[in-house]
1. According to the Kirkwood expression over distinct Cα-Cα pairs, how big is the hydrodynamic radius of segment 1-67, in Å?
2. Using a 1.4 Å probe over the heavy atoms of the protein chains, calculate the carbon and sulfur portion of the accessible area of the chain as a whole percent.
3. Sequence gap of 8 or more, or different chains, plus Cα separation below 24 Å: how many lysine pairs satisfy both in segment 6-113?
4. What value, in deg cm²/dmol to 500, does the helix sum -39500 (n - 2.57) over DSSP H runs of n ≥ 4 give at 222 nm once divided by the residues of the chain?
5. With θ taken as phi - 60° and the coefficients 6.51, -1.76 and 1.60, list the Karplus ³J(HN,Hα) couplings across segment 13-19 in order, rounded to whole Hz; mark glycine and proline as x.
6. If each residue of separation counts as 0.36 nm, what is the full-extension length gain between Lys89 and Asp103 once their alpha-carbon separation is subtracted?
7. So if I take the alpha carbon set of the chain, get Rg, then get Rh from the Kirkwood formula, what is the Rg over Rh ratio?
8. Working from Cα positions, state the angle (0 to 90°, nearest 10) between the long axis of helix 43-69 and the longest principal axis of the chain.
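The values are calculated or read from the model by the stated rules, or taken from the named source; none is laboratory data. Remember, predicted model here, so these are calculated numbers, not experimental data. Cβ: placed from backbone, ideal geometry, glycine included. Neighbour counts: every protein chain shown. Remember, those area values only see protein heavy atoms, side chains included, never the ligands or the DNA or RNA. Shrake-Rupley method; radii C 1.70, N 1.55, O 1.52, S 1.80 Å.
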Amino acid sequence: MKPLSRAFARLVLLFFALGIFFLAVNELIPYRTLGDRYRVMDTAYWIKNTLRITGIVLLVNGGIQWVRNLRCPYCGRGYAMPWWRKGEKHFCDRCGREIVFDDPEDPTEKRKGE
Ligand SMILES: [Zn+2]
């Protein structure tokens with residue numbers, strides 16, 4: 001059975017991290033208003049909007065990629081968490097089989113087994 005791609009899991013994590021970062025920066029930029037009703041459409045406004053939209057797109061895309069590609073390779077129903085580190089053992093909550101990533105063999109792990 002083909003193991004899950006560690007590079008792909010990192011990519012999904014990166015999507016989430018960047019998405020959250022962009023949304024956070026977006027929150028830090030206040031809207032400037034004229035009186036109580038009119039928003040000023042200045043550069044800050046466009047930057048804020050771009051950050052918000054990009055953040056949302058990154059989060060949604062990360063979510064879609066995760067749901068599509070980080071599934072249990074055996075039954076396809078359980079999910080693998082992209083933040084699982086190598087060396088940790090995790091099992092599918094649906095079929096109980098171990099979900100493995102394509103990490104290179106760790107030489108220290110081998111020595112322990114001898
Ligand atoms: Zn499974």
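1. Working: mean 1/r = 0.0741 Å⁻¹.
When all Cα pairs of segment 1-67 are included, the Kirkwood radius is 13.5 Å.
2. Numbers: 4970 of 8340 Å².
Reported share for carbon and sulfur atoms: 60 percent.
3. Numbers: Lys86/Lys110; Lys86/Lys112; Lys89/Lys110; Lys89/Lys112.
Value for segment 6-113: 4.
4. Values: 3 runs with 57 residues, N = 114.
Dividing the helical sum by the residues of the chain leaves -17000 deg cm²/dmol.
5. 4, 5, 4, 5, 4, 5, x
6. Working: separation 14, 0.36 × 14 = 5.04 nm, distance 1.22 nm.
Computed gain between Lys89 and Asp103 is 3.8 nm.
7. With Rg and the Kirkwood Rh in hand, the quotient comes to 1.22.
8. Computed tilt is about 20 degrees.
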